[in-house]
Amino acid sequence: EPISRDLFSLAGDHFLGSPLWSENNLLTGGYIQGFVGNRNPFGAIALFTFIGVIILFLDGRIGRIDAFGTGIASVFVLYMTQSATVTVATVYVMGLLLAGLVIRSSRPAWKRTLSFAVLGLTAMAAVVTLRFRAQIFDLLDRSPDATNRGDIWQAMLEFATQRPEGWGYVAYWPVFSDPYASIIERVGAYVAPHGHNAFFDAWLQLGLVGVALLLTLVVLTFLGAWRLVERAHRGDSFIPLGWALMTAVLALQGLTESRLLSEWGWFLLVSLYCSAPGAFTLTVISEDMVRTGDRTPWGEREQGSVWPA
């Protein structure tokens, strides 16, 4: 529970949330908030864990018992949190995982063609989602604007366009200062201290340059990891595929949450960016990196220190 129970008077008469971090729904069928006190990031953590388990198991770094136990726990948390954003991300990531495995096992001449096919299918999926968003969100028991986020985004964009250079980086909003207090006032209800969209939030706080840099960072991280997936063959490391999957989850979650700009979201994005090679580097990607997922040349490794390809 929080230190203070007086959150209603602190937030105002329009507070729509709960004064408790946990609502004790574990034995009643959900929704559970977990140790982070929010089902959306808790579901995202479970999805990242599930991806890690799959990749480490495919790479031969953990055994079946560990993989099965952790995987079942992750699926259980995913089901109990019932986060719409994480559910959509899970469906997409499973498709991307399957595509990556097919590309790895394909002939070299087919790899690039299959990659472009995946890109095309992704674009089609985005168009279909936008076209039938009302029906899709209704299946997930959510409103078409992602549970009233549309009003927040509209108010954010109005202030973002007033100052193309941005209002200054604050990560979580100081809700008692403008423009954040005015945004909440326009929405007419208390909202969490962020914009529920990392890219709109970056535009608001860091301006056009900031949102362009964030988009570039996400795209280059994904493309850099996916280049390794394209060049991999049977017996090579699956770690780069994990980088690509996690980057995709961060990008998808950034559409309805702003944690990509702070806390574990920003830390994970920077870690992935530093791990994967640049997408548009002039030098050829090291074959050792394709093989092992590590920049250290294979000849310099101590035998037995990593799983052999």
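Considering every residue within region 198-214, establish whether at least one is outside any helix (DSSP H, G or I), open to solvent by 10 Å² or more (accessible area, probe 1.4 Å) and touching a residue at least 40 places away in the same chain (Cβ under 8 Å). Don't jump to the end; show me each part of the working.
Kept after step one, since they are outside any helix (DSSP H, G or I), are these residues of region 198-214: none.
Taking every residue of region 198-214 in turn, none turns out to be outside any helix (DSSP H, G or I), open to solvent by 10 Å² or more (accessible area, probe 1.4 Å) and touching a residue at least 40 places away in the same chain (Cβ under 8 Å).
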If you scan region 96-123, which residues turn out to be open to solvent by 80 Å² or more (accessible area, probe 1.4 Å) and of a type in the set (A, V, I, L, M, F, W, C)? LEU98, ALA109, TRP110, PHE116, LEU119, LEU121
Counting only residues that are over 24 Å from THR49 (Cα atoms) and aromatic (Phe, Trp, Tyr), how many does region 196-250 have? 3
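Would you call LEU47 under 17 Å from TRP226 (Cα atoms) and surrounded by 14 or more Cβ atoms within 10 Å (Cβ to Cβ)?
Working: under 17 Å from TRP226 (Cα atoms): no; surrounded by 14 or more Cβ atoms within 10 Å (Cβ to Cβ): yes.
Considered against the rule, which asks whether it is under 17 Å from TRP226 (Cα atoms) and surrounded by 14 or more Cβ atoms within 10 Å (Cβ to Cβ), LEU47 comes out as no.
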Total residues in region 256-295, condition modelled with pLDDT of 70 or more and of a type outside the set (Asp, Glu): 24
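Could you say whether any residue in region 171-178 is open to solvent by 40 Å² or more (accessible area, probe 1.4 Å), in contact with a Ser or Thr (Cβ under 7 Å, 6 or more places away or on another chain) and of a type outside the set (Asp, Glu)? So that I can check it myself, show each step before the final result.
First pass over region 171-178, keeping only residues open to solvent by 40 Å² or more (accessible area, probe 1.4 Å): 172, 174, 176-178.
Of the ones still in play, those that are also in contact with a Ser or Thr (Cβ under 7 Å, 6 or more places away or on another chain) are 172.
Filter once more, so that each one left must be of a type outside the set (Asp, Glu): 172.
Scanning region 171-178, I find at least one residue that is open to solvent by 40 Å² or more (accessible area, probe 1.4 Å), in contact with a Ser or Thr (Cβ under 7 Å, 6 or more places away or on another chain) and of a type outside the set (Asp, Glu), so the answer is yes.
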Filtered residues of region 235-264 (kept if open to solvent by 10 Å² or more (accessible area, probe 1.4 Å) and among the charged types (D, E, K, R)): ASP236, ARG259, GLU263
Output for region 190-240, where each listed residue is farther than 23 Å from LEU261 by Cα, among the aliphatic types (A, V, I, L, M) and in contact with an Asp or Glu (Cβ under 9 Å, 6 or more places away or on another chain): LEU228, ILE239
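Somewhere in region 58-73, is a residue farther than 19 Å from ALA251 by Cβ, within 19 Å of the chain's Cα centre (by Cα), open to solvent by less than 60 Å² (accessible area, probe 1.4 Å) and in contact (Cβ under 8 Å) with a residue 12 or more places away in the chain?
Here is the first cut: in region 58-73, the ones farther than 19 Å from ALA251 by Cβ are 58-73.
Filter once more, so that each one left must be within 19 Å of the chain's Cα centre (by Cα): 71.
Then drop every residue that is not open to solvent by less than 60 Å² (accessible area, probe 1.4 Å), which leaves 71.
Filter once more, so that each one left must be in contact (Cβ under 8 Å) with a residue 12 or more places away in the chain: 71.
Yes: one or more hits.
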Here the qualifying pairs (Cβ atoms under 6 Å; residues six or more apart or on different chains; first in region 82-99 and over 15 Å from ILE51 (Cα atoms); second open to solvent by 30 Å² or more (accessible area, probe 1.4 Å) and outside any helix (DSSP H, G or I)) come out as GLN82/TYR31; ALA84/LEU140; ALA84/ARG142
Selected residue [among the β-branched types (Val, Ile, Thr) and in contact with a Phe, Trp or Tyr (Cβ under 9 Å, 6 or more places away or on another chain)] from VAL219, VAL249: VAL249
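The values are calculated or read from the model by the stated rules, or taken from the named source; none is laboratory data. Predicted model, so just to flag it, every value in this text is computed and none were measured. Counting neighbours? That spans all protein chains shown, and the Cβs are built from the backbone with ideal geometry, glycine included. Ligands, DNA and RNA are stripped out before the accessible areas are found, and what is left, the full protein with its side chains, is counted by its heavy atoms. Shrake-Rupley method; radii C 1.70, N 1.55, O 1.52, S 1.80 Å.
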